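Written out below as structure tokens is the structure these notes cover.
Any read-out appearing in this document is the output of simple, stated calculations on the displayed coordinates, not a laboratory observation. In this text, all values refer to a predicted model and were calculated from it rather than measured experimentally. Positions of Cβ are generated from backbone atoms using ideal geometry, with glycine treated the same way; all protein chains shown enter the neighbour counts.
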Amino acid sequence: MGMSDYVAGLRSKVGNDLVLLPGVTGVVMRGTPDSREVLAVRRSENGVWTLISGAIDPGEQAHEAMVREIHEETTLQARITRLLWVQTLPRSTYPNGDQTQYYDIAFLCEAVAGEAKVGDDESSAVAWFPIDALPELDDRYRKTLTLALESSHDVYLGPEGLRPEDLA
């Protein structure tokens, strides 16, 4: 899918300058506690494996955006099972020079219908991986996955993964 009409409109006004955007990340899982698998996508622009992620559209709720992104990127139907983490991500620059910083909301999700396959041009591959045989993921995605595997239902805040009681 690439850039939404909303972001394209912003970019037409601000060029490559920094834009803060709301985003979502999903740890999509299937299987039993003894044999869980995680869904990952290989990004078309750089060949890197990641969890499912994307921007929230104007007027869209975060959980709706997450379910939409999962479907767009993998054709799967999924449901949200838990809120994991809320954080502002570091600034990033896309190959075209666009500077972006995401305010990210991460969810644990469960696949409920369909077969995982590439659903748009953002990904070149989609695959299920056993927890102990994941492709290399960057630190943010690894930490998000670690939080998803915890039995706690705590929501973590900031890049440090603080719990609300840590802020008191």
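Under a 5 Å amide H to amide H cut-off, with H placed in plane at 1.01 Å, what residues pair with residue 156 once short-range neighbours are removed?
85, 86
Read through the labelled values (i) 1.01; (ii) 1.31; (iii) 0.96 and report the label of the one computed as Rg/Rh (Cα atoms, Kirkwood Rh) from the structure.
Identified label for the calculated read-out: (iii).
Can you compute the label reach from residue 110? Point 7 Å from Cα along the Cβ direction, backbone N cut-off under 18 Å, restricted to segment 43-67.
The answer is 63-64, 66-67.
Let me check I've understood the local charge: for residue 154, count other residues with C-beta under 15 angstrom from its C-beta, Lys and Arg +1, Asp and Glu -1. What total comes out?
Result for the neighbourhood of residue 154: -1.
For residue 149 and residue 79, what is the calculated FRET efficiency with R₀ set at 22 Å and r taken between the beta-carbons, to the nearest 0.05?
Efficiency for this residue pair is about 0.75.
Quick check on segment 5-151: of the DSSP beta bridges with both residues there, what percent are antiparallel, nearest 5%?
Within segment 5-151, antiparallel bridges account for around 70 percent of the total.
Counting other Cβ atoms within 10 Å, keep those with at most 10, restrict to DSSP loop, and tell me which trypsin sites (Lys or Arg not before Pro) in segment 94-168 are left.
none
Please compute the contact order of segment 5-151 in relative form: average sequence separation of alpha-carbon pairs under 8 Å and at least six residues apart, divided by the residue count, as a percent.
31
If I model a spin label as a point 7 Å beyond the Cα along the Cα-Cβ vector, how far apart are those points for residue 20 and residue 88 in nm?
About 0.5 nm, to one decimal.
In whole Hz and in residue order, list the ³J(HN,Hα) couplings for segment 113-118 that follow from phi through the Karplus curve 6.51 cos²θ - 1.76 cosθ + 1.60, θ = phi - 60°; x for Gly and Pro.
Working through the residues one at a time gives 6, x, 10, 5, 7, 4 Hz.
Applying the Karplus parametrisation 6.51 cos²θ - 1.76 cosθ + 1.60 with θ = phi - 60° to the phi angles of segment 62-70, what ³J(HN,Hα) value in whole Hz is obtained for each residue in order, glycine and proline being reported as x?
4, 5, 5, 4, 5, 4, 4, 4, 4
Show me, for segment 19-32, the HN-Hα J-couplings you get by feeding each phi into the Karplus relation (A = 6.51, B = -1.76, C = 1.60, θ = phi - 60°), rounded to Hz, glycine and proline as x.
For segment 19-32, the Karplus curve yields 10, 8, 10, x, x, 9, 9, x, 9, 9, 10, 8, x, 9 Hz.
Running Debye on segment 34-100 with equal point scatterers at the Cα sites and no solvent, what base-10 log of I(q)/I(0) appears at q = 0.21, 0.23 Å⁻¹?
-1.20, -1.34
Need one number: nm distance between label points at residue 3 and residue 166, each 7 Å from Cα along Cα→Cβ, rounded to one decimal.
Between residue 3 and residue 166, the simple spin-label model gives 3.6 nm.
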